[in-house]
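The values are calculated or read from the model by the stated rules, or taken from the named source; none is laboratory data. Everything numeric here is computed off the predicted structure, so don't read it as measured data. All Cβ positions, even for glycine, are placed from backbone atoms using ideal geometry, and neighbour counts span all protein chains on display. The accessibility values were calculated without ligands, DNA or RNA, using every heavy atom of the protein model including side chains. Shrake-Rupley method; radii C 1.70, N 1.55, O 1.52, S 1.80 Å.
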Amino acid sequence: MFTVQDAYDVVMRYGNIKKSTKENYRSAFKNYIEEYWHNLDLMSITSEQVASFTHYLLNSTSLSRSTVKLYLKLFKSMLNRCRNLGFLEIRMPIFYSFTADSRRMRFLTAEEAETILHI
């Protein structure tokens, strides 16, 4: 049985990852990925399970869409790294893509508003 914890350990051990990125990965893994997948055997993972995980992250957490995309990218890279190193022999499940709202709300300073009003 090859669990999500095993996959995470492989990525942390064999991945060429910066220290600051490892901290972000650890947080994402502990709070969302491990919590959802815990002891599931990753040899049997399906596209439907990945879609369910995506739905869970989008609808049952307070994460932004861009953060969800980042966490899915981490999970996918964990599976790919393990497969490429020979630890995991699976056909990769489909990770459906979606758009993240990258627009941010910006407010004018008082000076900027004055400038616009006087043009």
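Scan the range 1-99 for trypsin sites (Lys or Arg not before Pro) in coil per DSSP, keeping those whose Cβ has at most 13 other Cβ atoms within 10 Å, and list them by number. Passing both the DSSP loop test and the Cβ count: 18, 91.
For the chain, the relative contact order works out to 32 percent when only alpha carbon pairs closer than 8 Å and six or more residues apart are counted. Accessible surface area normalised per residue over the chain is 69 Å², counting heavy atoms of protein chains with a 1.4 Å rolling probe. Comparing 33, 17, 90 in a Gaussian network model of the chain, where Cα atoms under 10 Å apart are tied by springs, the biggest mean-square fluctuation is seen for 17.
Can you list the GluC sites (Glu not before Pro) in the range 57-112 that are in a DSSP coil and have 14 or fewer other beta carbons within 10 angstrom? Display every interim value, and only then the final one.
Values: sites: 89, 111, 112; in loops: 89.
Filter output for the range 57-112: 89.
Each of residue 27 and residue 116 was given a label point 7 Å from its Cα along the Cα-to-Cβ line. The distance between the two points is 3.2 nm. Compared with the dominant principal axis of the Cα atoms in the chain, helix 65-84 is inclined by about 30°.
Leaving out ligands, DNA and RNA, and with a 1.4 Å probe, what % of the accessible surface on the chain is carbon or sulfur?
50 percent
Ordering 107, 71, 32 by the projection of their Cα atoms onto the charge dipole of the chain, which places +1 on the Cβ of Lys and Arg and -1 on the Cβ of Asp and Glu, puts 71 at the extreme positive end. Say each of residue 58 and residue 16 gets a label point 7 Å from the Cα, pointing the same way as Cα to Cβ; how far apart are those two points in nm? Placing both labels 7 Å along Cα→Cβ, they lie 3.4 nm apart.
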